[in-house]
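No lab work stands behind these numbers, since they all come straight from the coordinates. Everything numeric in this text was worked out from a predicted model, so none of it was measured. Here the Cβ positions follow ideal geometry from the backbone for every residue, glycine too, while neighbour counts run over all protein chains shown.
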Amino acid sequence: MNEVFADAFYWIALANPADEWHQIAKEFDQKNPDILLVTTQEVLTEFLNYFAEAGKHKRTIAAQMCNQVFLHPGITTLSQSHRSFSVGLDLYQKRDDKGYSLTDCISIASCRDRGISDVLTHDGHFEQEGFRILF
């Protein structure tokens, strides 16, 4: 089965019932139980940062969800490393005409390394780099 990259957009939508994409992300999750997801620690950092000032309850939910991601057998979380940072920084510097975040650049490089073409996001930056965004 092909791997699909899960961007912070996806994790935020799943964790937040008030998010406009929550139901769509949840339905995708329910309809694709056997899909192999890949994410990065940088993406999960972005996900946790999103809920940093959302109050104790939402922070707790986000942290618990992050722990579940680490334990889930159908999800691979790529570790942060000097290499991932350097490769992401290289792309960041090459795309100085774009609004790509460093996390986006690390994610794009990780997808290329693993041959992933589908991304659970609504972020057009991935599309600009030739990926198929699924939301």
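Would you pick out the residues in the stretch 68-111 that are over 19 Å from TYR10 (Cα atoms), of a type in the set (D, E, K, R) and in a helix (DSSP H, G or I)? Once the filter is applied, which keeps residues that are over 19 Å from TYR10 (Cα atoms), of a type in the set (D, E, K, R) and in a helix (DSSP H, G or I), the stretch 68-111 yields ARG83, ASP90, LYS94. Among the residues examined, LEU78 qualifies as touching a residue at least 40 places away in the same chain (Cβ under 8 Å), surrounded by 12 or more Cβ atoms within 10 Å (Cβ to Cβ), touching a Lys or Arg at 6+ places or on another chain (Cβ under 9 Å) and aliphatic (A, V, I, L, M).
Within the stretch 112-135, being assigned to a helix (DSSP H, G or I) and more than 11 Å from PHE5 (Cα to Cα) holds for ASP113, GLY124, HIS125, GLU127, GLN128. Take the conditions (1) surrounded by fewer than 19 Cβ atoms within 10 Å (Cβ to Cβ); (2) touching a Phe, Trp or Tyr at 6+ places or on another chain (Cβ under 7 Å); GLN93 misses just one of them, which is (2). Looking across the stretch 79-130, just one residue is touching a His at 6+ places or on another chain (Cβ under 9 Å) and aliphatic (A, V, I, L, M), and that is ILE108. Here TRP11 fulfils each of the conditions (1) within 24 Å of TYR100 (Cα to Cα); (2) surrounded by fewer than 15 Cβ atoms within 10 Å (Cβ to Cβ) apart from (2). Do the conditions hold for ALA52, that is, is it outside any strand (DSSP E or B), of a type outside the set (Lys, Arg), crowded, with 19+ Cβ neighbours inside 10 Å and at negative phi? It is false that ALA52 is outside any strand (DSSP E or B), of a type outside the set (Lys, Arg), crowded, with 19+ Cβ neighbours inside 10 Å and at negative phi.
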